[in-house]
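Input: a single structure, listed below in structure tokens.
Each reported figure results from applying straightforward, stated rules to the coordinates on display, with no laboratory input. Nothing here was measured: the structure is a model prediction, and the numbers come from that model. Counting neighbours? That spans all protein chains shown, and the Cβs are built from the backbone with ideal geometry, glycine included.
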Amino acid sequence: MTVQQILMLTLVRGTTYAIIASGLALIYGVGRIVNLAHTAFMMLSAYLISQLAVGYGWPLTAAVAVAVVGTGVLGLLFYRFVLNRVREHQAAVLLITIAVAMGIQQLMPILFGSLPAPVPLILEGAVPVFGFPVPKQYLLTLGISLGFLGLLWLLLSRTKIGIGIRAVAQDTEVANLMGINVSTILMIAMGIGTTMAAVAGALVPAVEGGSVSQYFWLFTLLMVLVVVILGGLGSLKGSFIAAFFVAFVQALVSTLFPHQAYLSYAFAMVAMVVMLSVRPQGMFGTLFEEERL
Amino acid sequence: MLRLVSRALKSLRFGILPVPGRLLAVLFFIFLFLIPVITSSPYIMLLTTMAAIYTIFAVSWDVLSGYSGQVSFGHALFFAGGAYGSALMYMHFGLPPAATIPLGILIGTALGVVTCFPALRLRPPYLSLLTMAFPIILEQVVRALPARFAGGDYGIRELPPLAGSPVQSYYVCLVVMTVSVLIMWKLTDAGSKNIRTGLIFHAIREDEIAARATGINTIRYKILAFAISGIFASLAGTLFAHYRTLVSPAYFSSFTSFLCIIWVVFGGIVSIYGPVVGVYTLYVLLDFVRVTPAARYQTLILTIVVVVILLFMPEGIAVWIRDKIERECPRCKLSNVAWRKECRACGASLR
């Protein structure tokens with residue numbers, strides 16, 4: 001029972017962290033942009049879905065589609081008109097993204113009311129897996145994150161845009177000299193990343209209590225940053241594996257010490273600190289030792 | 001004595017009066033000292049005292065993250081560490097503020113130095129995100145410990161106040177702030193002949209490998225940067241705890257750290273006057289918003305201001321203003337008023 005519970009929690013949390021973290025890792029890997037507003041975009045998409053599906057009574061699929069596309073486009077615009085101009089200033093990027101995240105946090109209750117917004121499950125019910133009922137939404141989350149990662153891998157390795165993205169990730173200046181439009185590539189990467197955040201917004205709040213509140217982004221962001229760092233910043237494979245590792249640590253703590261469940265965050269952080277002390281670049285990261293601007 | 005006075009007059013005549021930025025800074029500090037004379041409204045006193053405390057906090061972040069380049073996202077650790085340190089000293093030993101503040105600083109600094117060790121080997125983005133983790137861990141530890149030991153969720157209340165009256169507290173904080181800012185300014189002054197830390201911090205930020213290659217023990221200086229920053233941030237924390245007469249686990253929140261970063265970058269990173277300007281404009285203006293009907297939109301306004309400022313003056317508002325009113329002589333590197341045609345010292349053309 002306990003083992004199954006731990007496995008199940010790991011699976012759920014792991015997939016959600018994976019899908020959020022891979023978007024963040026993509027943007028960091030390509031543009032060296034730590035987009036701290038990433039989970040705020042996810043929250044925005046969740047609020048939009050809630051408003052459209054519950055508030056206006058749209059069919060859920062339509063609401064999800066509109067929210068995902070809308071948030072993705074918003075991410076593109078945010079990059080194009082704001083981030084692109086301050087790309088060179090690391091501190092300014094961090095600051096603008098965190099400020100935008102806080103702005104979204106403040107905007108949500110003004111636009112959608114201060115009560116937590118309910119986000120419906122996309123798939124109801126459960127299927128038995130090894131004699132233990134697993135809600136379908138978990139499997140959907142897992143499927144979609146794996147599917148998205150597969151698509152991303154196809155895009156990166158098989159298409160011309162993907163080659164451009166990888167070139168920019170490797171060396172921005174040289175990629176620019178080879179005739180690649182760096183800011184367009186970064187904009188595309190940002191669009192993909194934000195879309196993944198928006199997809200996560202459709203899937204995650206529904207399983208994490210069934211509603212989204214205005215502080216949802218912060219806790220998620222902290223955990224996702226832990227995941228991304230553990231895996232090595234910018235490494236998609238690393239963040240995927242680290243997502244399950246962090247989820248496992250959290251599940252272990254919250255199952256073994258149910259009364260101190262809130263400590264699971266602290267334990268995940270401790271895991272990150274230990275990891276970074278042993279291996280400063282994370283599991284699959286590189287040190288960028290040669291990158292001396 | 002006479003020589004000292006004449007030296008002071010000389011530096012006033014040649015070092016301060018001809019440089020509008022420094023003149024403004026001096027006038028600003030004189031104005032700060034005169035505020036209680038102009039008005040004694042409790043709200044203004046509260047606002048300016050808090051601004052003074054936050055200035056120490058923001059400048060200390062700038063020393064660590066701006067000057068030595070160790071961009072910390074968890075500066076609340078030092079701040080709350082100092083606050084909790086002094087509160088615990090009061091709670092368990094009943095010491096007065098005069099004793100708890102130094103002990104709190106000691107505890108906050110020790111906390112910072114111990115936790116900086118895993119951070120020393122890390123590259124910038126990892127370092128920022130690692131430092132963000134520590135206050136969160138500590139916040140949960142404080143919440144998890146039994147209330148009789150560290151106050152638990154509700155924090156520790158009814159600490160002894162800093163001074164008898166609001167005006168006295170204001171002057172205590174203002175004097176401490178002025179002295180701390182001056183010390184940090186001297187410590188990070190790259191042009192100083194006696195103190196090398198400023199130059200070395202710059203070197204570490206610009207190129208750590210090159211700094212190491214020239215024989216600088218970068219690890220030692222990074223620990224020093226953490227310690228200096230920790231001393232002043234926890235000083236701000238202890239003052240804050242005694243001024244508000246309470247500490248709560250919320251002091252550890254990431255929001256505290258982020259606000260501090262926002263003030264500094266808004267004012268101008270890697271400049272001591274930048275954070276001062278940042279706190280005294282952004283914090284004070286937003287606090288004015290808090291008492292108007294637009295209070296709901298406070299964070300939204302903060303966001304818009306930050307984004308707009310960074311888009312149009314990414315170096316920060318203080319640096320932007322400085323560049324408008326001052327010009328550095330290309331030959332002797334002396335600052336001049338922007339509208340002078342030639343350098344006031346060497347006569348080189350400034351056009």
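For the reader, a short list of remarks on this structure follows.
- Highest-first arrangement of A:180-187, A:238-245, A:157-164, B:89-96, where packing means the average Cβ count within 10 Å: A:238-245, A:180-187, B:89-96, A:157-164
- Averaging over all projection directions, the Cα-based convex hull of the range B:111-233 occupies 10.4 nm² in the image plane.
- Distance between modelled label sites at B:F312 and B:K324, nm, 7 Å Cα→Cβ extension: 0.9
- Cα centroid of the range A:93-157 to Cα centroid of the range B:95-142, whole Å: 33
- Counted by Cβ distance under 13 Å from B:G191, the other residues give a net charge of +2, where Lys and Arg count +1 and Asp and Glu count -1.
- For chain B, size of Cβ-based charge dipole, Lys and Arg +1, Asp and Glu -1, in debye: 1100
- Relative to the longest principal axis of the Cα atoms of chain A, helix A:182-207 runs at roughly 10 degrees.
- Our helix-only sum for chain A, with -39,500 (n - 2.57) per DSSP H run of n ≥ 4 divided by its residues, gives a mean residue ellipticity at 222 nm of -23500 deg cm²/dmol.
- Cα shape, the range B:276-322, gyration tensor, a/c 1.5 rule: oblate
- Percent of C-alpha pairs per 10 Å bin in chain B, short distances first: 5, 23, 32, 26, 11, 3, 0.
- For the range B:57-113, the square roots a ≥ b ≥ c of the C-alpha gyration tensor eigenvalues yield an a/c of 1.5 or more together with a/b exceeding b/c, which makes the shape prolate.
- Amide hydrogen neighbours beyond the local backbone of B:E328, cut-off 5 Å, H modeled: B:N336
- Rg/Rh for the protein assembly as shown stands at 0.99; both radii use Cα atoms, and Rh follows the Kirkwood definition.
- Rg and Dmax [Cα atoms of the range A:161-293; Å; Rg one decimal, Dmax integer]: 17.7, 58
- Annotation: aspartates and glutamates with alpha-carbon distance below 17 angstrom to B:K186 (same-chain offsets under eight excluded): B:D62.
- Close amide H partners of A:V134, meaning residues 5 or more places away or on another chain with modelled amide H under 5 Å apart, are A:V127, A:V129.
- Alpha carbon centroid spacing (whole Å) that separates the range B:297-347 from the range A:14-50: 35
- Sites B:F117 and B:V167 - FRET efficiency at Förster radius 41 Å, r taken between beta-carbons, to 0.05: 0.45
- Over the range B:231-351 - Rg/Rh using Cα atoms and the Kirkwood inverse-distance radius: 1.12
- Summed over qualifying helices (DSSP H, 4 residues or more, each -39500 (n - 2.57)) and divided by its residue number, chain B shows a 222 nm mean residue ellipticity of -21000 deg cm²/dmol.
- Dipole-positive endmost among A:V86, A:G55, A:L146 within chain A (Cβ charges, Cα centre): A:L146
- Seen against the Cα atoms of chain A and their longest principal axis, helix A:60-78 is set at about 30 degrees.
- Across peptide A:77-90, the mean count of Cβ atoms from other chains lying within 10 Å of each residue's own Cβ comes to 2.
- Peptide A:269-278 has a mean of 5 when you count, residue by residue, the C-beta atoms of other protein chains within 10 Å of its C-beta.
- Per-residue mean of C-beta atoms belonging to partner chains within 10 Å, peptide B:136-142: 4
- Considering only B:A318, B:N336, B:V284, and ranking their Cα positions along the charge dipole of the range B:217-351 that arises from unit charges at the beta-carbon of Lys, Arg, Asp and Glu, the one farthest toward the positive end is B:N336.
- The charge dipole of the protein assembly as shown, taken about its Cα centre with unit charges on the Cβ of Lys, Arg, Asp and Glu (plus for the first two, minus for the last two), comes to roughly 1620 debye.
- In the range B:63-204, a dipole from Cβ-located charges (positive for Lys and Arg, negative for Asp and Glu) runs towards its positive end, and of B:L187, B:G151, B:L174 it is B:L187 whose Cα lies farthest in that direction.
- Comparing Cα centroids, the range A:239-277 and the range B:189-246 end up 32 angstrom apart.
- B:A345-B:A213 FRET efficiency (beta carbon distance; Förster radius 30 Å; 0.05 resolution): 0.30
- Crossing angle, helix A:2-31 versus chain A [Cα axis fit, 0-90 degrees, rounded to tens]: 20
- Peptides B:261-273, B:112-124, A:79-91 ordered by packing proxy, namely the average of other Cβ atoms within 10 Å per residue, highest first: B:261-273, B:112-124, A:79-91.
- Two-decimal log10 I(q)/I(0) for the range A:2-278, as the Debye equation yields it once each C-alpha is a single scatterer, q = 0.08, 0.10, 0.12 Å⁻¹: -0.32, -0.50, -0.73
- Taken as entire DSSP H runs, the helices of chain B that both span 30 Å or more between Cα atoms along their own long axis and average -0.5 or more on the Kyte-Doolittle scale are B:124-144, B:166-187, B:218-244.
- Summing Cβ point charges (Lys, Arg +1; Asp, Glu -1) relative to the Cα centre of the range B:143-204 gives a dipole of roughly 180 debye.
- Overall shape of the range B:26-159 was characterised from the C-alpha gyration tensor. The equivalent ellipsoid obtained from it has semi-axes of 28, 24, 12 Å, in decreasing order.
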